[in-house]
Every structure is written in structure tokens, then in C-alpha cells.
Amino acid sequence: MDRNSASAEVLLARIQELEVLNRALLEEKEQETRLEYAWSGNLGHWYWNVKTNAVTFNPLKVTALGYTMDEVPAPVPFQFFTDRLHPENYEPTMRAMRDHLEGKSPIYEVEYRIRA
């Protein structure tokens with residue numbers, strides 16, 4: 001699609017289509033991860049939009065920590081979770097993230113404690 005020549009109506013329809021697809025994919029992923037995390041004890045994956053500071057995550061992470069979705073701000077900022085890191089795990093967790101964002105590590109994977 002040539003976005004430069006598309007009408008606002010066409011672009012809005014495409015955005016709506018992508019939003020529906022995104023919701024469906026997130027629901028499917030949540031169903032898969034419910035099974036996976038029940039076995040591994042992992043609290044889930046999350047995705048951080050650096051530009052907007054919004055975090056998309058599996059709601060299992062919130063409920064496993066003892067919070068309800070009503071207690072979580074919308075949109076969820078990155079700091080919602082980092083502010084809850086155990087003090088001993090904060091710096092190693094942030095270092096692992098910086099290493100990944102700076103290209104020093106191909107993936108960001110770290111174990112940490114988080115306050116419930």
C-alpha cells in the first residue's frame with residue numbers, strides 16, 4: 001500500500017484491521033503462555049515501546065504478582081514494573097537491558113525478583 005497516496009479512510013481501515021489482528025494474536029499468545037508458564041514458573045514476556053514508554057504484557061504477569069488489572073495504569077509505563085524490582089536485582093536487571101539495547105547482547109533475558 002502506498003501510504004502517501006492513500007486516503008485517510010483507507011488508512012483508518014488498515015489501522016483497524018491491524019488492531020483486530022493484533023488483539024487476536026495477543027489472545028492466542030496468552031493461551032499458549034498459560035500452558036508454558038504453568039510448567040516453567042516464568043511470569044511472561046513483555047514488549048516495551050521505547051518511543052511511547054508503553055508496555056504490552058501478558059496479564060498473567062500482573063495477576064501472578066497479586067495485582068488486579070484495575071490496579072495497573074493505562075497505558076502501562078515501563079516504570080510500573082521496574083519500580084517494583086527487588087533492590088538487589090535492580091542494577092543487574094537494568095545492566096542486562098542496557099547491554100541488549102546497546103547491541104552488546106543479542107537478547108534480553110534475565111531472572112529477577114519483583115515485589116508482589
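Points worth noting:
- Filter result (β-branched (Val, Ile, Thr) and assigned to a helix (DSSP H, G or I)) within region 93-116: THR93
- Residues (within 24 Å of VAL72 (Cβ to Cβ) and of a type in the set (Lys, Arg)) located in region 83-109: ARG84
- TYR47, sole failed condition from (1) assigned to a helix (DSSP H, G or I); (2) under 12 Å from the mean Cα position of the chain (by Cα): (1)
- Residue ID - modelled with the lowest pLDDT, chosen from residues in region 37-47 that are surrounded by 13 or more Cβ atoms within 10 Å (Cβ to Cβ) and out of contact with any strand residue (DSSP E or B) (no Cβ under 9 Å at 6 or more places or on another chain): TYR37
- Region 63-114 - residue that is touching a strand residue (DSSP E or B) at 6+ places or on another chain (Cβ under 9 Å) and in contact (Cβ under 8 Å) with a residue 40 or more places away in the chain and, of those, surrounded by the fewest Cβ atoms within 10 Å (Cβ to Cβ): LEU65
- Residue match in region 48-62 (condition: modelled with pLDDT under 85, under 23 Å from TYR108 (Cβ atoms) and in contact with a strand residue (DSSP E or B) (Cβ under 6 Å, 6 or more places away or on another chain)): yes
- Filter pass, GLU17 being at pLDDT below 90 and not polar (S, T, N, Q): no
The values are calculated or read from the model by the stated rules, or taken from the named source; none is laboratory data. Treat the numbers as computed from the prediction; the structure is a model and nothing was measured. We place every Cβ from the backbone using ideal geometry, glycine too, and count neighbours over all the protein chains shown.
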